Amino acid sequence: MINLSNDEIAKLFEGKDAWHTNEIKDKNIPSLTLADGPNGLRIEEGSELGFSSSKKANAYPVASCIANSFDEDLMYEYGEYLANECLKENVDILLGPGINHKRSPIGGRNFEYLSEDPILTGKLASAYIKGVQSKDIGVCLKHYACNSCEMGRMVSNSIIDTRTLNEIYLRAFDYVIKESKPYAIMNSYNLINGIYSCENKELMDHAKNIGFDGIFISDWGGVNDPVNSFKASLNLQMPGGNLHSSSRIIKAINNKEVDKNILDDYSKRFNDLINKTKNKKSNNYDEDKQLGFILKAAEESVVLLENKDNILPLNLKQSIKVYGPYAKYPRFTGAGSSNVNAIHSDNLLENLDKNNIKYTYNSEFKLDDISNNDIALVILALDKGKESEGFDRSDMYLQANQVEFINELSNITNNIIVILQVGSPVSLPFKDKIKGLIYMSFAGCESGKCLFDILYGKVNPSGKLAETWPIKLEDNPSYNFFNKDLRYTVYKETILTGYRYYDYFNIPINYSFGYGLSYTSFKYSNFKIKKLKDNLIINLDITNLGKYNGKEIIEIYSSLNNSKIFRENKKLIGFKKVYVPKGKTTNNEIIIPIDTLSYFDIKLNEYSIEEGTYTIMIASNINDIKYSKDINIKGNIKPYSLIKKSYFKCKDSLNVSDEDYKKIYGKEFKYDYKLVPFTSNTVLKELNQTKFGSKVYRFIMFVIRHMKTNGLNESTIDEAPIRQLLWFSKANNDTVDVLVDYLNNHSLIKFIKVIRTLNK
Ligand code: BGC
């Protein structure tokens, strides 16, 4: 182990620049390279502000696409292929995957996140991380924690009760930390119960207590106070370079403000990281193989949502009419830090050409000479700037002209197939007017071939939805509590999030969690279940009854009738994707740890299993239970009575008063944010609310607008706290302090001080 002096620790705490850690030459500690991200490398080039200027790389299907594969083996391979990209580009730590819980369909980063179920998220992410780390490339798991909404993301306080926090929002993180041992965790921007994630010792201790032995890295610009973050055990502040955080850390150490354990722990974690990253596997990068995998990953993940009259698969000899710009310019990658500047991307039209399909193409959503019974293929998507980090969507609507076009089209032909290239659920007012519906999400740079293969039956669709598609936004349980306030987001829907809520209250939906069709059909039979030590062993046969070879995702749910605590009706406890050739039957064993039946007990502050008779269901989706069996489980504690009956009253949408939520939360919470005096966390648009502040606001916005702000949405900037100006300029911690001082006590002398620190 290399002994690190306090000065060296302080130096390592701040990044060297936006993408590297500092090196300590005398001690042979190299500078490590970090890069985005979860769906292909984003290595920034140049120094422009924003997200779009990066080195060309391969674009993989995004999380909201691959999650629909429900396939852990595929995720492991995905990780291995991404690691090849890292090896080629000398990246040591990959920033991703993002495993935040999908709380609302309008969450800006939903396309980057996997699911509304923590077990599914945890298992898929673990496999991905194991794949990446099998090649000695480190993974930085993000964004820890409760960063499910983007509105005011750098100042928003997630007010969340202990049970919901653990059972829903931390469960995937817990699983991943234990199972796949990520090298790093990225602390999110937001506050959790009043404390910034980067300063949230309790949250970081939670990860350490369950075995996390890596380093904690701030999200880019996520450090509110470097000293407090250091004291809480954050290990790396990013981006760094000119912040002057080290001098503040040294001062705090010299003043004996820092616990010795923090310093020892720091050394140990950094040493471990250097050891883990120093020997890389050799690079066996082969461009054709990488692209071959990207295609396979997409094809395993596409979800067939409608196939009335078996309109699909299409016949190669049929002539079709294709509409919309996305047939030529597909939406295939993420945005913001997930935006991959693709080396290459294909499209549907070139694949139709290659296969000599007869078709006409209209790049606009406009009627042409289409006639009765023609097959119309329409690809719909949202505008590129609508789905990204930094802001949430305001609604679930597709663009009105796209919806109108489908309506007009449906007056002429019944044979409409809609393809959706969106990152999360949208409303589907035309659902009854179309015959085919395919959900692709952003399927990577081979999305054109993937779509062709699905449309023409070269590949039998096998994806299922990793999140529910509600009919309208108002049906979502977080509707009244999400994206309503810049400063606070209260998790009043508690554990009844996603399908847990729709299922509990029987809310009509468009497509349920776990739903997806195939070109063949499957029969479930011979369901058996037994207990063996700490596991449930499930056995069942699946028969492929149709004309196509196919894959089926078997889903296992559990419920406990007469439970003494408040809980969901059904929850996912396991799944398995199996291949069944046409006409054949396969026997399948699924092993489920009994621990998945547990709930988080706030009195014991740990997971517990309630004793009782559990119903275990095998299902094709949450609303299509094939068989169920009861099994007695001996619990490990006497459950306390959280709240026997739900405290929800669900009429049109979930409405919960602060007073009611406080009973669950267990203590007071207040919306007591004060606009003045300004602090480093005042967001730019709040400055606008005072006379003097508005002048400064206009000046700052003027400067920012004249900088290149590639890919940064205006509301991202508008909702950025003053301290984030560090990101936008060459300012440092001191500049922010003097700027805030000037804002509160404006005088010429203070103004001169600001200018002086800027020039330091
Ligand atoms: C995002 C992270 C990303 C980082 C670096 C931040 O804005 O929240 O997910 O890894 O930027 O690009």
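The values are calculated or read from the model by the stated rules, or taken from the named source; none is laboratory data. Keep in mind the model is a prediction, meaning the values are calculated, not measured. Here Cβ is always computed from backbone atoms with ideal geometry, including for glycine, and neighbour counts include all displayed protein chains. For the accessible areas, the whole protein counts, side chains as well, though only heavy atoms, and no ligand, DNA or RNA atoms are used. Shrake-Rupley method; radii C 1.70, N 1.55, O 1.52, S 1.80 Å.
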For Lys695 and Asn401, what is the calculated FRET efficiency with R₀ set at 35 Å and r taken between the beta-carbons, to the nearest 0.05? 0.30
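Give the percent of DSSP beta bridges with both residues in the chain that are antiparallel, rounded to the nearest 5.
On the way: 61 of 104 bridges.
Roughly 60 percent of the beta bridges in the chain run antiparallel, per DSSP.
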Which percent of Cα-Cα pairs in the range 208-257 sits in each 10 Å bin, short to long? 24, 50, 24, 2
Hey, got the Cα dimensions of the range 338-397 along the principal axes, in Å, largest first? 43, 31, 14
Long-range amide H contacts for Val139: which residues qualify at under 5 Å (H placed 1.01 Å from N, peptide plane, sequence gap of 5 or more or a different chain)? Leu94, Tyr183, Ala184
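Helix-only estimate, please: 222 nm mean residue ellipticity of the chain, summing -39500 (n - 2.57) across DSSP H runs of length 4 or more and dividing by its residues, to the nearest 500.
Working: 21 runs with 205 residues, N = 760.
After summing the helix terms and dividing by the residues of the chain, the value is -8000 deg cm²/dmol.
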May I ask which of Lys55/Lys308; Lys178/Lys472; Lys178/Lys458; Lys27/Lys135; Lys142/Lys691; Lys201/Lys577 have a Cα-Cα span longer than 32 Å here? Lys55/Lys308; Lys178/Lys472; Lys178/Lys458; Lys142/Lys691; Lys201/Lys577
Please give the FRET efficiency for Asn411 paired with Thr543, using the beta carbon to beta carbon distance and R0 = 30 Å, rounded to the nearest 0.05. 0.10
Give me the three principal axis extents of the range 281-398 from the C-alpha atoms, as integers in angstrom, largest value leading. 57, 39, 25
Qualifying aspartates and glutamates (Cα of each under 14 Å from Cα of Lys281; at least 8 residues distant if same chain): Glu80, Glu85, Glu89, Asp92, Asp136
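Tell me, what is the per residue accessible area of the chain in Å², probe radius 1.4 Å?
Per residue, the chain has an accessible area of 38 Å².
Report, to two decimal places, the Cα Rg of the range 74-205 normalised by 2.2 N^0.38 Å (N = number of residues). Working shown, then result.
On the way: Rg = 14.5 Å, N = 132, 2.2 N^0.38 = 14.1 Å.
Ratio of Rg to 2.2 N^0.38 Å for the range 74-205: 1.03.
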From highest to lowest solvent-accessible area (probe 1.4 Å; ligands, DNA and RNA excluded), Glu167, Glu257 read Glu257, Glu167
Quick one: which residues, 5+ away or cross-chain, put their amide H under 5 Å from the amide H of Tyr511? H built at 1.01 Å from N. Trp469
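Given Lys231/Lys603; Lys321/Lys523; Lys11/Lys88; Lys16/Lys386; Lys296/Lys328; Lys296/Lys629, which pairs have Cα atoms separated by over 31 Å? Could the numbers behind the result be given before it?
Working: Lys231/Lys603 28 Å; Lys321/Lys523 35 Å; Lys11/Lys88 28 Å; Lys16/Lys386 33 Å; Lys296/Lys328 21 Å; Lys296/Lys629 36 Å.
As for pairs spanning more than 31 Å Cα to Cα, those are Lys321/Lys523; Lys16/Lys386; Lys296/Lys629.
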Apply the Karplus parameterisation 6.51 cos²θ - 1.76 cosθ + 1.60, with θ equal to phi minus 60°, to every residue of the range 292-303 and state each ³J(HN,Hα) to the nearest whole Hz, in sequence, with x for glycine and proline. x, 5, 4, 5, 4, 4, 5, 5, 6, 10, 5, 10
What order do His143, His244 take when sorted by accessible area (1.4 Å probe), most exposed first? His244, His143
Cut-off 15 Å, label 7 Å out along Cα→Cβ of Lys268, residues of the range 189-215 by amide N: 205-215
Could you check how much of the accessible area of the chain is carbon and sulfur, as a whole percent, using a 1.4 Å probe? 48 percent
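What net charge is computed for the residues neighbouring Asp213, neighbours being all others with C-beta under 11 Å from the C-beta of Asp213, Lys and Arg scored +1, Asp and Glu -1? Present the calculation step by step, with values, prior to reporting the outcome.
Details: positive: Lys181, Lys208, Lys268, Arg269, Lys276; negative: Asp265, Asp272.
Local charge sum for Asp213: +3.
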At what distance in angstrom do the alpha carbon centres of the range 288-343 and the range 477-531 lie from each other? 25 Å
Calculate, in nm to one decimal, what Lys55 and Phe505 gain on full extension: separation in residues at 0.36 nm each, minus their alpha carbon distance. 157.2 nm
Ellipsoid semi-axes in whole angstrom, largest first, where each is sqrt(5λ) of the Cα gyration tensor of the range 491-551: 29, 23, 9
Extension gain from Ile591 to Glu474, taking 0.36 nm per residue of separation minus the Cα-Cα distance: 38.4 nm
Under a crude label model (7 Å from the Cα following the beta-carbon direction), how far is His244 from Asp7 in nanometres? 1.9 nm
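Taking the chain on its own, what percent of its Cα-Cα pair distances exceed 46 Å? Before the final figure, lay out each step's value.
Details: 60932 of 288420 pairs.
Beyond 46 Å sits 21 percent of the P(r) for the chain.
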If the cut-off is 16 Å between C-alpha atoms, which lysines fall inside it for Lys492, apart from same-chain ones fewer than 8 positions away? Lys102, Lys484, Lys645, Lys649, Lys651, Lys662, Lys663, Lys667, Lys670
Compare the Cα positions of Ile43, Tyr515, Gly546 along the charge dipole of the chain (+1 at Cβ of Lys, Arg; -1 at Cβ of Asp, Glu; about the Cα centre) and return the one farthest towards the positive end. Tyr515
Counting only other residues whose beta carbon sits under 15 Å from that of Thr164, what net charge do I get with K and R as +1, D and E as -1? +2
Out of residues 5 or more away from Arg42 or on other chains, whose amide H comes under 5 Å of its own, with H placed 1.01 Å from N in the peptide plane? Asp36, Gly37
Computed label-point distance, nm, for sites Ser31 and Lys603 using a 7 Å Cα→Cβ extension: 5.6 nm
Estimated vicinal HN-Hα couplings, Hz - the range 115-131 in sequence order (Karplus 6.51, -1.76, 1.60; Gly, Pro = x): 7, 9, 10, x, 6, 4, 4, x, 5, 5, 5, 4, 4, 4, 5, 4, x
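How long are the three semi-axes of the equivalent ellipsoid for the range 512-586, computed from the Cα gyration tensor as the root of 5 times each eigenvalue, in whole Å, largest first?
Working: eigenvalues 159, 50, 16 Å².
Whole-Å semi-axes of the equivalent ellipsoid: 28, 16, 9.
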If the chain between Asn688 and Ile565 were fully stretched, how many nm would it gain, using 0.36 nm times the residue separation less the Cα-Cα distance? 39.5 nm
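At R0 = 25 Å, how high is the FRET efficiency between Tyr579 and Phe527 if r is their beta carbon distance? Nearest 0.05 is fine.
Numbers: r = 19 Å, r/R0 = 0.78.
Between Tyr579 and Phe527 the formula returns 0.80.
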